[in-house]
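The structure under discussion appears below in the form of structure tokens.
The values are calculated or read from the model by the stated rules, or taken from the named source; none is laboratory data. Everything numeric here is computed off the predicted structure, so don't read it as measured data. No Cβ is skipped: glycine too gets one built from the backbone with ideal geometry, and neighbour counts run over all protein chains shown. Please note that ligands, DNA and RNA were not included when accessible areas were found on the heavy atoms of the full protein model with its side chains. Shrake-Rupley method; radii C 1.70, N 1.55, O 1.52, S 1.80 Å.
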Amino acid sequence: MSALLTVDGLRLTTGPSTLVDDVSFHIGPGERVGLIGASGSGKSLTASAIMGLLPEEITASGSVRLDGRQLLGAPERQLSRLRGKDIAMVFQEPMTALNPAMRVGRQVAEAMRLHRRIDRGAALAAAVELLDRVRLPEPERIARAYPHQLSGGQRQRVVLAIALANDPALLICDEPTTALDVTVQARILDLILAGVGEQGGALLFITHDLAVVASVCERVLVLEQGRIVESGPVRQVLGAPRHEYTKRLLAASTLEAS
Amino acid sequence: MSDNPRSESVVSVRDLWRTYRRPRTSLFGPRPEVHALRGVSFDVARGSRFGIVGESGSGKSTLVRLLAGLDRPSAGEISFDGRRIDTLPERRLGFLRSRLQVVFQDPMGSLDPRMRVRDIISEPLGRQPGRFERVRELLEAVDLPADAGRRYPHQFSGGQRQRISIARALAPRPGVLVADEPVSALDVLVRAQILDLLADLVERYALTMVFVSHDLAVVRHVCDTVAVMRQGEIVEQGPVRDVYGEPRHPYTRELIAAAPSLSAALSGPEEG
């Protein structure tokens, strides 16, 4: 089985400092991989590098290939054709990912029309269907709402609908539920799993929450100060951690609610 | 054990209501009302660690403001050491400010960026002689270096800034510490250190702690008693062991079931 995403020797630097150092991993089609680490470990930067969304002052070297195509250093024109179609992303804060001045249904429809020949009416109808798929109540009414009229959990469902609009081969989620209440978090995690599960998409899930990664992913990568210090099946890495840093993360996370 | 639990309680809240009026949405209709608290009652026993857990909109923050005397209830009573505080005018709340202190979620938002750390920490002491000696003690108590006093908040990490707010809260030697989501803005590794620090300080200074959080696991780790809030009401309260072990209210059960559990995920059935 050949990998869908292959990251090889990824190195991100700014001025004299190295932020991500020699990071290599791969994700197979339909595989769910978690990326964990404390803040500042380089999780989000790694995701930005894959999406081609690095800030200008950061220099990248190494290689990021999706289905054999090199993404690192690819021209923006080529990347923007992939983004939202082959790779989609869900961020922590849904309010900043949505356009505050556009009705929600239109934003979902736009995501489709950017990558497919489909007329406005059909796209809007498909958008309502997608809003229904992420279990938003009264999807027709929600489609006509503006982001500020929705709750945090509803907004994150809309963002997820946009991300799933084109059935991406890879969905990247960066702390998608950190800002949400625990009962809402549980529902969003189910939707993410269902969303990638139905279409056989792969998932790269970034979080600092080990309990979340253990419930969502099959394999996990542990990032400490820009380096992968341990990786493997979730049960192996979190059940019997070998690296000191993983042990510390686990010790800090073993406050349990049930 | 006393037969009358109220005599043992530091903070006593009876049938507390707080209603806000929203801005007018139509010219002629009445202004819509929001019931942030709807008849909340509880007692915080001296020396206990009392957790208040709830999701956003449950009324946790409104409750903290009322306990700290920063806002007035619409109805109901709040007593501190047997003394009603909800009826006292602001100028007579001075005693409360020295005996009950609050640590807030976001240390950067609650520390004045233009003040040196030693002035921030000694602020609740006014111009008391010996206040800088007290600052030195406090810096040591929260494990910050002695020279931290000369620096400014932006020169510290998030966890260190939370240590500064804790030191400031402890400065007037309060008997009650109210911690409002004190670790929610912090990284996992730092979170564990701050929770340990709070536990040490509560023990060392024989504090009563009211700990407010949306995080069930953190409350379970820190508290001995817990009240579960939803939409302005306490739906269940009791010893942490009982409430988490045998939750009676459906909402408590829902909350516990929704919290992701590492051990459950790792011991669950193998993926098919």
If you roll a 1.4 Å probe over chain A with all protein chains in place, what percent of the accessible area is carbon or sulfur?
48
Charge dipole magnitude, Cβ of K and R +1, D and E -1 - the protein assembly as shown, Cα centre, debye nearest 20
1720
What does the buried accessible surface come to for A and B, summed over both chains, with the probe at 1.4 Å? Round to 100 Å².
2600
Looking at the stretch A:5-253, send over the antiparallel percent of its DSSP beta bridges, to the nearest 5.
55
Heavy-atom surface of the stretch A:48-118, accessible at 1.4 Å and reported per residue (Å²)
56
Work out, step by step, the length gained on full extension between B:GLU77 and B:GLU254: first 0.36 nm times the residue separation, then minus their alpha carbon distance; give nm to one decimal.
60.7 nm
Run the dipole for the stretch A:5-253 about the Cα centre, Lys and Arg Cβ at +1, Asp and Glu Cβ at -1, nothing else charged, and hand back the magnitude in debye, nearest 20.
500
Inter-chain shielding metric for B:92-102, i.e. average beta-carbon neighbours from other chains within 10 angstrom, reads 0
Residue among A:VAL216, A:LEU124, A:ASN99 farthest towards the positive dipole end of chain A, charges placed on Cβ:
A:LEU124
Taking only DSSP H segments of four or more residues, each worth -39500 (n - 2.57), what value at 222 nm results for chain B once the sum is divided by all its residues, to the nearest 500 deg cm²/dmol?
-9500 deg cm²/dmol
Dipole of the stretch A:153-228, Cα-centred, from +1 at each Lys and Arg C-beta and -1 at each Asp and Glu C-beta, to the nearest 20 debye?
80
Taking only the alpha-carbon positions of the stretch B:68-216 and ignoring solvent, what does the Debye formula give for the base-10 log of I(q)/I(0) at q = 0.20 Å⁻¹?
-1.31
Only protein chains counted, 1.4 angstrom probe. Which residues of the stretch A:160-192 are at least 10 Å² less accessible in the assembly than when their chain is isolated?
A:ASP181, A:VAL182, A:THR183, A:GLN185, A:ALA186, A:ARG187
Using bins 10 angstrom wide from zero, how does P(r) for chain B break down, in % of all Cα pairs?
6, 27, 33, 23, 10, 2, 0
Full-extension gain between A:ARG116 and A:ALA101, please, as 0.36 nm times their residue separation minus the C-alpha to C-alpha distance.
3.0 nm
Return the whole-Å distance between the Cα centroid of the stretch B:6-83 and the Cα centroid of the stretch A:52-102.
46
Where Rh is the Kirkwood radius over Cα pairs, Rg/Rh for the stretch B:197-272
1.05
Could you give the C-alpha radius of gyration of the stretch A:131-240 expressed as a fraction of 2.2 N^0.38 Å, taking N as the number of residues it contains?
1.17
Taking 0.36 nm per residue of separation and subtracting the Cα-Cα distance, what length does fully extending A:GLU129 through A:THR14 add?
37.0 nm
Rounded to a whole number, what is D in µm²/s for the stretch A:5-253 from Stokes-Einstein with the Kirkwood radius over alpha-carbon pairs (4 °C, 1.567 mPa s)?
70
Suppose each label sits 7 Å from its Cα in the direction of the beta carbon; what would the B:TYR20-A:LEU193 distance come out to in nanometres?
3.6
Lys/Arg Cβ at +1, Asp/Glu Cβ at -1, dipole of the stretch B:124-272 taken about the Cα centre: which of B:GLY268, B:TYR205, B:VAL190 is farthest positive-ward?
B:TYR205
Rg (one decimal) and Dmax (whole number) from the Cα set of the protein assembly as shown, in Å, equal 25.4, 77
Kindly provide the helix-only [θ] at 222 nm of chain A, computed as the sum of -39,500 (n - 2.57) over DSSP H runs of four or more divided by all residues, to the nearest 500 deg cm²/dmol?
-11500 deg cm²/dmol
Using 1/(1 + (r/R0)^6) with R0 = 30 angstrom and r between the beta carbons of B:TYR205 and B:GLU8, what's the FRET efficiency to the nearest 0.05?
0.95
What distance in nm lies between label points placed 7 Å from Cα along the C-beta direction at A:GLN236 and A:SER2?
2.5
Just to be sure I understand the model, the point goes 7 Å from the Cα along the line to the Cβ. What's the resulting A:HIS26 to A:HIS148 distance in nm?
4.9
